[in-house]
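The structure under discussion appears below in the form of C-alpha cells.
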Amino acid sequence: MSNTLLAAILPCATASFAFGSAIAHTAVVSTLLDPSISEANITSFFSIYFRKTVGPIIAIFSASGILGGYAYHLTGHKGFLIGSVCAFAHFAFVPAVGVGIKKMVFDKTEQRRGAREWLLVHHVRTAVDGLAAAAFVWGLVEAVALK
C-alpha cells in the first residue's frame, strides 16, 4: 500500500471513530437527563467520565487533524484540508461545553441544567465532527479516483 493511500485512509478512520464516539456520548448524557437519575449521580458520572476521556478525545481529534493535513500535503485534495479544519474545530467548542461541565461537576443545584447545556453544544460539535469525517471520505475518494 502506498504512503499516499495510507495517508488518505488514516484520517478517515480516526474521524469516523471520533464521530461515532460523539454520537455515543450524546446517548449517554441524554440518559442522565432522565428524572429518575439523581443529581448526585450526574455529578459522580461526569467527574469520573471526563477525567477518563479527555486524553483520548484530545488524541483522536489531534490525530485526525494532523493526519488530514498530511494527506492534504501529499494529495492536494481540499477534502483533507476541510476535514482537518473541522477536526481541529472540535476544540473551539471547549469554552462553551466547559460551562455545562462545571455546573455538572461542581454546582450541587445545577447538574441537570449543566447536562442540558453541554448537550446543546455537543449536538453542534457532533455535526462538525461528522463534517470532518465526510470531508476526509471525500478526499479519500478523490485521491483513489485520481490514482
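The values are calculated or read from the model by the stated rules, or taken from the named source; none is laboratory data. Keep in mind the model is a prediction, meaning the values are calculated, not measured. A quick note on method: Cβ atoms are made from the backbone with ideal geometry, for glycine too, and the neighbour counts reach across all protein chains shown. These accessible areas exclude ligands, DNA and RNA; they are computed on the full protein's heavy atoms, side chains included. Shrake-Rupley method; radii C 1.70, N 1.55, O 1.52, S 1.80 Å.
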Completion exercise
For segment 110-133 the number of residues that are touching a residue at least 24 places away in the same chain (Cβ under 8 Å) and either assigned to a loop (DSSP other than H, G, I, E, B) or under 14 Å from the mean Cα position of the chain (by Cα) (or both) is 14
Completion exercise
Apart from one, (1) touching a Ser or Thr at 6+ places or on another chain (Cβ under 8 Å); (2) open to solvent by less than 60 Å² (accessible area, probe 1.4 Å); (3) not basic (Lys, Arg) all hold for Gly114; the odd one out is (1)
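Take the residues in segment 71-80 that are of a type outside the set (Lys, Arg) and in contact (Cβ under 8 Å) with a residue 24 or more places away in the chain; name whichever of them is surrounded by the fewest Cβ atoms within 10 Å (Cβ to Cβ).
That would be Leu74.
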Handout entry: Odd one out for Arg125 among (1) among the charged types (D, E, K, R); (2) surrounded by fewer than 19 Cβ atoms within 10 Å (Cβ to Cβ); (3) modelled with pLDDT of 90 or more
Key = (2)
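From Val29, Val85, Val99, Val94, grab the single residue that is part of a helix (DSSP H, G or I) and open to solvent by less than 50 Å² (accessible area, probe 1.4 Å).
After applying the criteria, what remains is Val29.
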Practice task
Kindly check whether there is at least one residue in segment 36-57 that is closer than 17 Å to Phe91 by Cβ and open to solvent by 60 Å² or more (accessible area, probe 1.4 Å).
Solution key: yes
Exercise for the section: Return only the number of the condition from (1) touching a residue at least 24 places away in the same chain (Cβ under 8 Å); (2) closer than 24 Å to Ala135 by Cα; (3) among the aliphatic types (A, V, I, L, M) that Met104 does not satisfy. Expected result: (2)
Practice task
Scan segment 1-18 for residues that are assigned to a helix (DSSP H, G or I) and surrounded by fewer than 20 Cβ atoms within 10 Å (Cβ to Cβ) and report the count.
Solution key: 9
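In the set Ile42, Ile37, which member is over 30 Å from Ala7 (Cα atoms), outside any helix (DSSP H, G or I) and β-branched (Val, Ile, Thr)?
Of Ile42, Ile37, the one residue that is over 30 Å from Ala7 (Cα atoms), outside any helix (DSSP H, G or I) and β-branched (Val, Ile, Thr) is Ile37.
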Exercise for the section: Quick one: in segment 59-96, of everything that is more than 15 Å from Phe19 (Cβ to Cβ) and modelled with pLDDT under 90, which residue is nearest to the chain's Cα centre (by Cα)? Expected result: Val94
Practice task
Just give me the residues in segment 134-147 being surrounded by fewer than 19 Cβ atoms within 10 Å (Cβ to Cβ) and either assigned to a helix (DSSP H, G or I) or touching a helix residue (DSSP H, G or I) at 6+ places or on another chain (Cβ under 6 Å) (or both), in sequence order.
Solution key: Ala134, Val137, Trp138, Val141, Glu142, Val144, Ala145
